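First comes the structure, then the notes that go with it.
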Amino acid sequence: MQTEQDANATEQDANEAEQESNVTEQDPNATEQDSSQEEPQRSRMASIVSEVVFYLMLLIVIGVLLLSNTSNIPRNILGFSVLTILTRSMQSELPQGSFVLIRHVDQNTLQVGDDVTYLRSEDTTITHRIVAIYENYADTGKRGFQTMGVNNAAPDQEIVIADNVIGKVVFHSEPLGLFFSFVKHNILLSILIGTLILGLLFAMKRVFSRTG
């Protein structure tokens, strides 16, 4: 009787050992499966990063080309223009050197408090804030805008006719303006750095695609 019990205990121990062995054999398969899932994820991440950087570089190139306009009149690209703030009359809102994005809008939609860019002369633009609006200014049938640099002591003397308004400021960034200014004045160095970055990203993308 004792011998039969010992035999049963030995058989049970053998079954437990076999189960443990099966678990051990499954672990490498699970690790391999996890590894195979991580590789496509790394490949997709590398692809996303490279595409984001590519479009950022493209945006930088477009911005530099627009800001390098030899004329003082900003170019109209798909209803938008970009420029750099050159003076300190709007320093507290639009610091000197800031990058500014202007949207060309219907002048009838402009309101007091909007920051606008307008033509002072054929080759001079000003970016100031609207502080008053005159409907049918001087019987012209058009709106007139009283503008002011927020850091100036008094409003601008001349009333801006609606036809001279280029657009409304919809975005501005001082760091971006400083960056564009650096690129503009160091164009060869910037092209070299950009080329190296794109080349490195392209190489990384190919490596990840092969491993994936």
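When residues of segment 155-191 are filtered for being over 20 Å from the mean Cα position of the chain (by Cα) and in a helix (DSSP H, G or I), how many remain?
Quick first cut of segment 155-191, residues over 20 Å from the mean Cα position of the chain (by Cα) only: 155-167, 185-189.
Subset that is in a helix (DSSP H, G or I): 162-164, 185, 187-189.
The number of residues fulfilling the criteria is 7.
Going by what's in this entry, would residue 111 be described as over 21 Å from residue 178 (Cβ atoms), assigned to a loop (DSSP other than H, G, I, E, B), modelled with pLDDT of 65 or more and not hydrophobic (A, V, I, L, M, F, W, C)?
Details: over 21 Å from residue 178 (Cβ atoms): yes; assigned to a loop (DSSP other than H, G, I, E, B): yes; modelled with pLDDT of 65 or more: yes; not hydrophobic (A, V, I, L, M, F, W, C): yes.
Here the answer is yes, as residue 111 does meet what is asked.
Results for (1) within 18 Å of residue 79 (Cβ to Cβ); (2) assigned to a helix (DSSP H, G or I); (3) not β-branched (Val, Ile, Thr), shown as yes or no for each residue.
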| position | (1), (2), (3) |
| --- | --- |
| 95 | no, no, yes |
| 101 | yes, no, yes |
| 120 | no, no, yes |
| 127 | yes, no, no |
| 132 | no, no, yes |
| 141 | no, no, yes |
| 146 | no, no, yes |
| 150 | no, no, no |
| 153 | no, no, yes |
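Residue-by-condition table, conditions (1) surrounded by 13 or more Cβ atoms within 10 Å (Cβ to Cβ); (2) within 22 Å of residue 98 (Cα to Cα):
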{"position": "122", "(1), (2)": "no, no"}
{"position": "140", "(1), (2)": "no, no"}
{"position": "145", "(1), (2)": "yes, no"}
{"position": "177", "(1), (2)": "yes, yes"}
{"position": "190", "(1), (2)": "yes, yes"}
{"position": "199", "(1), (2)": "no, no"}
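Could you count how many residues in segment 114-142 are more than 35 Å from the chain's Cα centre (by Cα) and on the phi < 0 side of the Ramachandran plot?
5
The values are calculated or read from the model by the stated rules, or taken from the named source; none is laboratory data. What you see is a predicted model, and the numbers here were worked out from it, not measured in a lab. For neighbour counting, all protein chains shown are included, and Cβ atoms are generated from backbone atoms with ideal geometry for every residue, glycine included.
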